[in-house]
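Novice: Before I ask anything, let me first share the structure, which is written out below as structure tokens.
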Amino acid sequence: MSFFSLQTCTLGRQHVAHEHAYHQLILASSGTTELALEHRGQRITRELGCLIPTACHHEYLGDGRNQTLVLDVPLAKLERLACADELQRLFERPRFFAVSPQLQQLTVSLMAQAEQAPALHDEIATLLLRALYLQLHDQELKRAETTPQARSRLDLVRLDAWIDAHLDAAIRVETLAELCALSPGHFHACFREATGLTPLTYVQRRRLDHARGLVAGSQLSLGHIAGLVGFRDQGSFTRAYRRRFGEAPSRARR
């Protein structure tokens, strides 16, 4: 049984006003829908989506020609999901958001897959939510980088968010140092003093901790998980996982 409820539909010319006991993501591949979140209205299009937290009052009226993706996220057992922290951040408040061209393309592709493969709805929903999380946090971090106050010290909370948003990519100490407006040498010393770890060891642990949640809480293949957390192949991922947790990921999944 799927955890997420995922459907593609056309929202008609009937005014609807309600709230519900689950989170909801709305994206469109075509057409328009007038939608208000707590009396603040916008027009949902390919370029604009919205996140609706549980119990948030909202109203909508479609144009009758739209193609809309509606993803419901139930709260029951939400904390057991590997992506629970990301979901909490995504739905911390009602909001509209700009949809990047990359997310537009992914939405169109996943809408087609959702219709063809209902059994994969959880995997499709997880991929879509992850992509949205990365887009929104990249935008927030870019805004933060323009604020001198945000760059004036070693901020582990901010660094954690940046690292988590780039787990599938190469992460360099120089990049982390730049985020804190420190030289690489000074950053390395400050970071080791604050955490007891080198920056790269810290990044590796975050990769593996996230992977552990995916191994336990998803049906994704181990090779896919390895790529999502930045390992070049499944073999290197398995060796690192075993060193960190004392067992291979395949054994942990049994």
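The values are calculated or read from the model by the stated rules, or taken from the named source; none is laboratory data. Bear in mind the structure is a predicted one, so any value in this text is a computation, not a measurement. Note: ideal-geometry Cβ built from the backbone for every residue, glycine included; neighbour counts use all protein chains shown. For accessibility, only protein heavy atoms count, side chains too; no ligands or nucleic acids. Shrake-Rupley method; radii C 1.70, N 1.55, O 1.52, S 1.80 Å.
Novice: Return a yes/no flag: does the stretch 189-200 have any residue that is β-branched (Val, Ile, Thr) and more than 21 Å from the chain's Cα centre (by Cα).
Specialist: Yes, some residue in the stretch 189-200 is β-branched (Val, Ile, Thr) and more than 21 Å from the chain's Cα centre (by Cα).
Novice: Helices (runs of 4 or more DSSP H) wholly in the stretch 156-250 with at least 2 residues that are of a type in the set (Lys, Arg) - which ones?
Specialist: Where helices (runs of 4 or more DSSP H) fall fully within the stretch 156-250 and carry at least 2 residues being of a type in the set (Lys, Arg), they are 199-217, 234-245.
Novice: While we're on this one: Filter the stretch 57-101 down to the residues that are part of a strand (DSSP E or B) and either at positive phi or of a type in the set (Gly, Ala, Ser) (or both), then identify the one that is least open to solvent (accessible area, probe 1.4 Å).
Specialist: Within the stretch 57-101, the match that is least open to solvent (accessible area, probe 1.4 Å) is GLY62.
Novice: Name the residue, out of ALA170, ALA226, ALA216, ALA211, that is closer than 13 Å to TYR241 by Cβ, surrounded by fewer than 18 Cβ atoms within 10 Å (Cβ to Cβ), of a type in the set (A, V, I, L, M) and under 24 Å from the mean Cα position of the chain (by Cα).
Specialist: ALA216
Novice: Sticking with this one: Restricting to the stretch 104-113, name every residue that is without any contact (Cβ under 8 Å) to a residue 40 or more places away in the chain and crowded, with 17+ Cβ neighbours inside 10 Å.
Specialist: Selection gives LEU106 alone.
Novice: Restricting to the stretch 1-53, count the residues that are over 27 Å from LYS77 (Cβ atoms), aliphatic (A, V, I, L, M) and within 19 Å of the chain's Cα centre (by Cα).
Specialist: Total satisfying the criteria: 2.
Novice: Can you tell me which residue among GLU38, GLU47, GLU19 is over 26 Å from ASP122 (Cα atoms), surrounded by fewer than 19 Cβ atoms within 10 Å (Cβ to Cβ) and charged (D, E, K, R)?
Specialist: Of GLU38, GLU47, GLU19, the one residue that is over 26 Å from ASP122 (Cα atoms), surrounded by fewer than 19 Cβ atoms within 10 Å (Cβ to Cβ) and charged (D, E, K, R) is GLU38.
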